[in-house]
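Here is the structure we will look at.
The values are calculated or read from the model by the stated rules, or taken from the named source; none is laboratory data. The model shown is predicted, which means the values in this text are computed figures rather than measured ones. With ideal geometry, Cβ positions are generated from the backbone for all residues, glycine too; neighbour counts draw on all protein chains shown.
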Amino acid sequence: MIALPRWFIGEFVGTFLLVFFGCGCVCAAVLTGAQVGVFQVAIVWGLGIAIAIFLTGDMSGAHLNPAVTIGLAVWSGFPKSRVAPYLMAQMLGAFVGAAVLFLVFSDALTVFENTNQVVRGQPGSEASAMIFGEYFPNPGGKPLTSEARLKMSSAAAFGAEVIGTAVLMLVVCWAGNERNPLRRSGLVPVMIGLTVTLLISLLGPLTMACFNPARDFGPRVFSALAGWGQVPFTVNGYGWFTVYILAPILGAVLGGGLHRRVFQSAPERD
């Protein structure tokens, strides 16, 4: 039996928890109405991420996000040889997290689809598929109409994800900066979790606030295999790739560069 490296287990478990808590609260909100308003979903996401980082930070550094891993490889000396294995662990963790949620919410999902006349795999079934992958604009548990799509173009969604991920990456890099007075206080997971909460509160109604290719792609692939077929990859055209894969990676690289050029190289105060 092959023993998996500690860091691989950390990234797998951490990303699993991120999806279980985060997508889990989306499941509860859409399928049962448990959360009312974007902030309630956002704060659960933030707390879930904080817990995942707290539990796995010592094992792998708790990247839990391919964009963060790539950004750290570009700017912070993270070994490039570990980028692909980290991404694999993250994607697997996200996929398994989605599978577990599917089992937990299966009955509620069936009732939701029957009540709202949503046929899984047919046009309009993004109304239920959104509990796994992400779509723009946020479907809010309803099929996306032509009128609703006017609220968020592909270009605007791409820009929102780039900016949001850049802000998140800036905070992640500052969390590890030796100048950060909170670095060893145990509050770093909270700081990152609150950043995600703020970003989801702002951008969640528009793009569902991804900032993490694993969080989107793993559950999106699962949903395609679980009955939604081509819907997860056709609702937004190539947006599933440009907005939810490329944009977060670009944002993380930009955020890491901003930290390096501005924050890390800034002179010490007298």
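Observations, loosely collected:
- Members of region 143-159 found to be surrounded by 18 or more Cβ atoms within 10 Å (Cβ to Cβ) and either touching a residue at least 60 places away in the same chain (Cβ under 8 Å) or of a type in the set (K, R) (or both), listed by number: L144, A157, F158
- Some residue of region 111-124 being touching a Phe, Trp or Tyr at 6+ places or on another chain (Cβ under 6 Å), modelled with pLDDT of 95 or more and assigned to a helix (DSSP H, G or I): no
- Checking G204 against (1) of a type in the set (G, A, S); (2) surrounded by 22 or more Cβ atoms within 10 Å (Cβ to Cβ); (3) closer than 24 Å to G24 by Cβ, the condition it does not meet: (2)
- Of the helices (runs of 4 or more DSSP H) that lie entirely inside region 191-270, those containing 2 or more residues that are closer than 12 Å to G133 by Cα and more than 12 Å from the chain's Cα centre (by Cα) span 213-223, 231-234.
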